[in-house]
Structure formats: structure tokens, C-alpha cells
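Data block below; observations after.
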Amino acid sequence: MSRQQESYLKVIYDLMLRYGHASNKKIAEDLNVAPASVTEMVRKLKENNWVQVSFHKITLTPEGEARVKNLLDRHRLWETFLLTKLDYPPDLVHDLAESLEHASDSQLIDRLNKYLAYPETCPHGGPIYVNGGCEARESLWGKEDQGPFEIVQIIDEINYKHYERRGLLPGAQLELKKKFSENMTVSLEGKKATLSKEEAENILVVKNSQEA
């Protein structure tokens, strides 16, 4: 699998977390490529049985999802190492991990995982699937009930510093107050805050376990 194919599969997976499926338009926007390029790549991914397309909705096949999770595990283990062992800040580890994951064979990843004591999440809250990381998480933007919710992951790792400055970090508690077409008002750790649609789409949450 080429790096370009891997990038497409990751983006499709992220879009599935946000919206339930991907589309040519959203993929083109996220990767900053021409729609025609997306159409051609999706065709190739479909031929390899990594994606499926129904009524212009693109989703991963079980084989495609397994490949993405393996890639994400490699990426997130390196992120964890860079943050916890080399003291890199969370907003800088993404690009380094992107390079390291491609230069690592399975034996190195297994040793890295053991060295890190089999973490279940990365610094951004992303699950490390091979270690039992939780998958039951949904985009805040898709929520309709008030909550309360706990933030468990920030998808937009490249702009992680922005979320950090706003206190939108894994573990933070919030409640949905009002939702409009392009933003929402929330109570974040007891304080009022307004989130844009884009911000809310990149925040994955679970229902607060205290509210069973």
C-alpha cells in the first residue's frame, strides 16, 4: 500500500467518525486535492476491497478498517513515545509520528508497544486498538441531547494547540446548551463557551460515566 493510499484511508476513517461516511467532496477538502484525483483513488481503493461506495457515500470495508487501525496504532504508539519519553509537546508529535510509522517494521512496533506498557490511547485521546482502546465515541457535533459528555479525543491533531488553549482536551467535561447551524453553545467545565461547527466535528465524546 502506498503512502498516498494510506492517507486516503485515514481521511475516510476520520470522516466516518465525524459524519458516518465520507464523500468525494469532503475527502478533496481534507487532502486539498482535486475532486478528479479523489474519484480515481477511490476507484483504486474499491478495486482492492478497502472501501465501498453506496449512493455517493464512501465507507471502509472490514479489510480497509483493519488496515487503518493498524496504521493508526503505529502512529499513536510513536506519538505516545515522543510525548511521554522525549517530552515533545502534543501539538508537535503528529508530523514526526507520521514519518516514523512508515520506517517501522512489525517487530519494532511490538517492542515499542511493550516498552510503553501497552497504552490504550495516544496523547490526543485516540484509541490504540491492539491494546483494547475504546471505539465507542462520537462527534460532539452529531449530539442532540444535553449530556453531560466527556471529551475523549481530538481528531484534528495538527491544530491540537488551538484546542489545548481553549481547554478542549481529553478528560474535559461539557454539556450542550444550544445548537445552531454553524456553531453551538456549551458549558465547558462549568463555563460558557461557543464552539464552531468545525471544532465540534473534531471533538469526540462519550456520555459521562457518572450519568448512568
Failed item, numbered, when Asn24 is tested on (1) open to solvent by less than 70 Å² (accessible area, probe 1.4 Å); (2) under 30 Å from Asn131 (Cβ atoms); (3) touching a residue at least 24 places away in the same chain (Cβ under 8 Å):
(2)
Candidates Leu31, Leu72 - the one that is open to solvent by less than 20 Å² (accessible area, probe 1.4 Å) and at pLDDT 90 or above:
Leu72
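With Thr80, Thr61 as the choices, which residue is open to solvent by less than 40 Å² (accessible area, probe 1.4 Å), at negative phi and either in contact (Cβ under 8 Å) with a residue 60 or more places away in the chain or touching a Ser or Thr at 6+ places or on another chain (Cβ under 9 Å) (or both)?
Matching residue, one of Thr80, Thr61: Thr80.
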If you check Ile151, Ile158, which single one turns out to be in contact with a Gly (Cβ under 8 Å, 6 or more places away or on another chain) and either surrounded by 13 or more Cβ atoms within 10 Å (Cβ to Cβ) or not in a strand (DSSP E or B) (or both)?
Ile151
Going through the stretch 161-189 one residue at a time, which ones are within 21 Å of Gly133 (Cα to Cα) and in a strand (DSSP E or B)?
Gln173
Filtering the stretch 119-166 down to residues that are among the polar types (S, T, N, Q) and under 12 Å from the mean Cα position of the chain (by Cα) yields Thr121, Ser139, Gln153
Any pair with Cβ under 9 angstrom, 6 or more apart, that starts in the stretch 132-156 at a residue that is closer than 14 Å to Arg76 by Cβ and ends at one that is of a type in the set (D, E, K, R) and surrounded by 18 or more Cβ atoms within 10 Å (Cβ to Cβ):
Gly133/Asp73; Gly133/Arg76; Val152/Arg137; Gln153/Arg137; Ile155/Asp14; Ile155/Arg18; Ile155/Glu201
Out of Leu188, Leu108, Leu116, I need the residue that is open to solvent by 60 Å² or more (accessible area, probe 1.4 Å) and at pLDDT 90 or above. Which one?
Leu108
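The values are calculated or read from the model by the stated rules, or taken from the named source; none is laboratory data. Here the structure is a predicted model, which means the values were calculated and not measured. Positions of Cβ are generated from backbone atoms using ideal geometry, with glycine treated the same way; all protein chains shown enter the neighbour counts. Surface accessibility is based on the protein's heavy atoms, side chains included, excluding ligands, DNA and RNA. Shrake-Rupley method; radii C 1.70, N 1.55, O 1.52, S 1.80 Å.
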